Amino acid sequence: KEFQGNSEWEFVYMIPVAYEEKDEDVGFNYTARNKQTMLKRKPEFYVWVLLVPSFIITTVSLFGIFIPTNHIGEREEKVTLGLTTLLSTAVILEIVASTMPKAPALPLLG
């Protein structure tokens, strides 16, 4: 009830866990409290922004290998299609890179 939503993660549950331990050296008991948290990743962003366009571009580039050539410009269509798919891939990767948070190292949960 206290948690706000997130576009990338879904909060599933939190279980408070308490256990009692005894310290042998000092001779006193203490209670440790932990909380187990279950998070579920929402993959919609990655599927619709990265996977689906990449699949479509790869399919188009594979079909481009087998398209018939024209008698006037024999390789012009294939080169144009190859360059267009390469440019589309670069644009998609730039969009994904700009939406990722900037950090000096890779995230542990990534």
Practice problem: Only residues that are modelled with pLDDT of 80 or more and surrounded by 12 or more Cβ atoms within 10 Å (Cβ to Cβ): list them for the stretch 73-85, please. | Solution: Thr80, Leu81, Gly82, Thr84, Thr85
Quiz item: Can you name every residue in the stretch 6-48 that is within 18 Å of the chain's Cα centre (by Cα) and either among the polar types (S, T, N, Q) or outside any strand (DSSP E or B) (or both)?
Solution: Asn6, Ser7, Glu8, Lys42, Pro43, Glu44, Phe45, Tyr46, Val47, Trp48
Quiz item: Among the residues of the stretch 1-45, which ones are within 17 Å of Ile95 (Cα to Cα), free of Cβ contacts under 8 Å to residues at least 24 places away in the same chain and of a type outside the set (Asp, Glu)?
Solution: Pro43
Quiz item: Taking Asn70 and the conditions (1) surrounded by 10 or more Cβ atoms within 10 Å (Cβ to Cβ); (2) at pLDDT below 80; (3) not in a loop (DSSP other than H, G, I, E, B), which numbered condition does it fall short on, given that it satisfies the others?
Solution: (3)
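The values are calculated or read from the model by the stated rules, or taken from the named source; none is laboratory data. Since the structure is predicted, the reported quantities are computational estimates derived from the model, not experimental observations. Here the Cβ is made from the backbone with ideal geometry for all residues, glycine too, and neighbour counts use every protein chain on show.
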